[in-house]
Each structure stands twice: as structure tokens, then as C-alpha cells.
Amino acid sequence: MLAVSLDGRLAPPAGGAAQLGGAGDRRVLEEALAWADAVLIGARTLRLHGSTCLIHRPELLEQRRRAGRSPQPMAVVVSRSGQLDPALPFFRQPLRRGLLRPHAPGAPPPRPSGFDEGWPLGTWPEALAALGASGLDRLVLLGGAELAGALLALDLVEQLQLTLCPLLLGGPHSWLPEGVALPAAGWELQEQQPLGEGELLLRYGRRRSSGCGSPGAGPQG
């Protein structure tokens, strides 16, 4: 789930934490978070922004409470090193935190300080199966581009939800990294919704031929 410019950029040419998306984008974002068991966020994106998105709308918090769910979905950080500044506001946010990172074969799953749970990051199908075994089946991908590209390249994304913002940014910071080899995937438009302020929500579902199974627990993009 991403907010992008008209030319498909996540950030201005100089980089840094982009502030794309207005009130309408925030509304549909919180609705996606209310649906989710967990969100996936790349370590670089977390370092840039300092924190993750939270549900604030009372009706969505009440909806989760009535369903016996935690107020916020777990935030699962994907990191090669697992090295994150403990002073980040993320570590003071009222939610459970998980970490996906590579580890040596046979070693116990990583669980550095500040995280409630950890899983090994080997192949992505294995990682998603491990998250599913922990009850984290509904996943929303919040960024960044490298993480989105990895999951799309492996055909593990079942839905794309993009907020198209009325900006032309230019520069290299596309929502997909350059050179990613993507499958010849078909996508079907499921929803288009004006969000106000010139923004447009586009929701696409993966079109799969009959008889082909879904790859299992696939995050939303």
C-alpha cells in the first residue's frame, strides 16, 4: 500500500522521507491497518521516517477490540543487519514489534532488544509461512521500494493499493527499484475512488489463471 506521484515516485529527487498523501489517503490507510494482522516495513524506510503508521480512528479501534484483536497490527521490520537506533520513536509506539532478518542455519530465531518476536529471513515463501504460523496471515506492505520489488518479483503480492497523488517529482526514487525482473503478471482493477485533494485510490487484484494456486500468505502492496 503506497502513495505515489503521477510519475511513480515515492520521494523527491533529493530523497528523504516523503510526505505524500492527504486526508483521504490517511483514511484508506487506516482502514487497511484495521484489516491487517501485521505490517511489513523495510529497515531503511523505518530509519527515514522514524516510526510506523498507527490507527487513530475510534470506530476502527473499536472494531478491532470487538473482534478480540490488538488495537494496532504488529509492525514487522525487515532488516539485513537488525541494527536499528533504539532512540527511534518507533520503539515508543504502542504496538508489538517483530523482526525479520537473516541468521545462520541452526541458530535460534533472532530477537534483538526492543522486539517482541523474531523470525529468520531465508527465502520469502519460508518467511511468509513462518509469519502465518504465528497468526500473521493478513499482511500490509508499507514500504519501501526494495521490499516491494522483492515480493513482486517472486509473485507473492495478491493486491496492489496505490494512492495516485497530483505531483510530478522526477528523480530516481521510483516505487519499484530499477532492474527488478517482474513476472508477466496480470492485474485486475477492483476499485477506483477519488479521495479528495486531487488524489485517486487505485486497487488492483492479481489475476490468476484457473487451476493455479495462490502462493499463500501474500502481503498487500
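The values are calculated or read from the model by the stated rules, or taken from the named source; none is laboratory data. As the structure is a prediction and not an experimental result, all values here were calculated from the model. Cβ sites come from the backbone with ideal geometry, for glycine too, and all protein chains shown count toward neighbours.
For Leu189, indicate whether it is at pLDDT 95 or above, more than 18 Å from Gly42 (Cα to Cα) and crowded, with 19+ Cβ neighbours inside 10 Å.
Considered against the rule, which asks whether it is at pLDDT 95 or above, more than 18 Å from Gly42 (Cα to Cα) and crowded, with 19+ Cβ neighbours inside 10 Å, Leu189 comes out as no.
Which of the residues that make up segment 46-62 are in contact (Cβ under 8 Å) with a residue 12 or more places away in the chain and over 11 Å from Glu30 (Cβ atoms)?
The answer is Leu46, Arg47, Leu48, His49, Gly50, Ser51, Thr52.
Every residue in segment 111-169 that is hydroxyl-bearing (Ser, Thr, Tyr) and in a loop (DSSP other than H, G, I, E, B), please. Steps first, please.
From segment 111-169, those hydroxyl-bearing (Ser, Thr, Tyr) are 113, 123, 134, 163; that's our starting set.
Answer for segment 111-169, where residues must be hydroxyl-bearing (Ser, Thr, Tyr) and in a loop (DSSP other than H, G, I, E, B): Ser113, Thr123, Ser134.
Only one of Arg96, Arg111 is at pLDDT 95 or above, surrounded by fewer than 17 Cβ atoms within 10 Å (Cβ to Cβ) and among the charged types (D, E, K, R); which? First the steps, then the outcome.
Numbers: Arg111 fails: at pLDDT 95 or above.
Among Arg96, Arg111, only Arg96 is at pLDDT 95 or above, surrounded by fewer than 17 Cβ atoms within 10 Å (Cβ to Cβ) and among the charged types (D, E, K, R).
Determine if segment 130-137 includes at least one residue that is surrounded by 14 or more Cβ atoms within 10 Å (Cβ to Cβ), touching a Gly at 6+ places or on another chain (Cβ under 6 Å) and of a type outside the set (Ser, Thr, Tyr).
no
With crowded, with 20+ Cβ neighbours inside 10 Å and on the phi > 0 side of the Ramachandran plot as the only criterion, which of Gly118, Gly143 stands out?
So the residue among Gly118, Gly143 that is crowded, with 20+ Cβ neighbours inside 10 Å and on the phi > 0 side of the Ramachandran plot is Gly143.
Leu33 versus (1) in contact (Cβ under 8 Å) with a residue 60 or more places away in the chain; (2) under 17 Å from Glu197 (Cα atoms); (3) not polar (S, T, N, Q): which is the lone unmet condition?
In the conditions (1) in contact (Cβ under 8 Å) with a residue 60 or more places away in the chain; (2) under 17 Å from Glu197 (Cα atoms); (3) not polar (S, T, N, Q), Leu33 misses (2) alone.
Hey, does segment 109-119 have a residue that's acidic (Asp, Glu) and in contact with a strand residue (DSSP E or B) (Cβ under 6 Å, 6 or more places away or on another chain)? Give the steps one after another, and end with the answer.
Of all residues in segment 109-119, those acidic (Asp, Glu) come to 116-117.
Within this subset, residues satisfying the condition of being in contact with a strand residue (DSSP E or B) (Cβ under 6 Å, 6 or more places away or on another chain) are 116-117.
The answer is yes, given that some residue of segment 109-119 is acidic (Asp, Glu) and in contact with a strand residue (DSSP E or B) (Cβ under 6 Å, 6 or more places away or on another chain).
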